[in-house]
Amino acid sequence: MAENRFEMMRDYWRNEFLKLDHDELISRFGLECDGEKIYITYYSRKYFIDLTDGYIAEVGHSENEVPFGPLMSIYHLFYFSKPHAKVRGEFVPFRNVKNASPFAPNFEKSVREGLAAKFDGKKDLLISACEKLGGRKIPQGDVGYIFYAFEEIMPVMMVFWDGDDEFPAQANILFDADITDFLHEETVCCIGGDLIDRLVEMSGM
């Protein structure tokens, strides 16, 4: 049943993508295009979108199915982004993202608590993963980095405090205050979750 739902959502957004002005998207986001495919990088992983059928695949691994998070984030960037959207340069927690409050409990549990639990006692592994993913170090928490979900247009801040004998590990992921000018508010959960997945992958855990 879950697989059928995934396929239904993928095909719905694939068809919505085909209705969009692809030349305008290429120009607006400064994307590479070879006439048949648009290329976009998401958390340092390069994907292409076929202009004839709207399917998304990872460059060099087109046989692999793209997970739900990256798939929806890419489609939704193209569909929901406002023509003149710009980052504000102010980071806010998920609960303060416009219209995101209904999704905050799930975000807290799956993303914030998930990140803290995975790297509790593994600060050095997290630092290594952040460096490998191309994060920019900042002086916040025990580990603080800024990443770009999409190159140069969607900054995401990750801050981690390692646990000790008195307190468990804590973590937070913050987003640009105007991220919903680029995405649906629910999709911001995917942006946070996919960052954790990529950090876990880079850590080798």
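The values are calculated or read from the model by the stated rules, or taken from the named source; none is laboratory data. Note that the coordinates shown come from a computational prediction; the quantities given were computed from them, not determined experimentally. In this analysis, Cβ positions are derived from the backbone assuming ideal geometry, glycine residues included, and neighbour counts consider all displayed protein chains.
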Practice prompt. Tell me which of these Leu18 doesn't satisfy, since it passes every other one: (1) farther than 23 Å from Ile179 by Cβ; (2) outside any helix (DSSP H, G or I).
Written response: (2)
Item to complete: Could you please find all residues in region 95-118 being touching an Asp or Glu at 6+ places or on another chain (Cβ under 8 Å) and among the aromatic types (Phe, Trp, Tyr)?
Response: Phe103
Item to complete: Would you check which residues across region 57-80 are crowded, with 20+ Cβ neighbours inside 10 Å and within 13 Å of Glu185 (Cα to Cα) and list them?
Response: Met72, Ser73, His76, Leu77
Worksheet, complete the sentence: Within region 167-199, the residues that are touching a strand residue (DSSP E or B) at 6+ places or on another chain (Cβ under 7 Å), in a helix (DSSP H, G or I) and among the aliphatic types (A, V, I, L, M) are Val188, Ile191, Leu195
Worksheet, complete the sentence: Residue count, region 163-198, condition more than 12 Å from the chain's Cα centre (by Cα), of a type in the set (D, E, K, R) and within 12 Å of Leu115 (Cβ to Cβ), comes to 0
Discussion item. Scan region 64-85 and tell me whether some residue there is touching an Asp or Glu at 6+ places or on another chain (Cβ under 6 Å) and hydroxyl-bearing (Ser, Thr, Tyr).
Written reply: yes
Fill in: Qualifying position, being in contact with a Leu (Cβ under 9 Å, 6 or more places away or on another chain) and not assigned by TED's automatic domain parsing to the domain that holds Asp162, among Leu126, Leu51
Leu51
Worksheet item: Of the conditions (1) exposed (fewer than 13 other Cβ atoms within 10 Å of the Cβ); (2) farther than 21 Å from Arg10 by Cβ, Thr52 fails just one. Which one is it?
Response: (2)
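Listed here are the residues, each with its yes/no results for (1) at pLDDT below 95; (2) charged (D, E, K, R).
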position: Glu3; (1), (2): yes, yes
position: Lys19; (1), (2): no, yes
position: Asp50; (1), (2): no, yes
position: Val59; (1), (2): no, no
Fill in: region 39-54 residues that are farther than 21 Å from Ala149 by Cα, paired with ones that are surrounded by 16 or more Cβ atoms within 10 Å (Cβ to Cβ) and among the aliphatic types (A, V, I, L, M) (beta carbon under 7 Å, 6 or more apart)
Leu51/Ile38
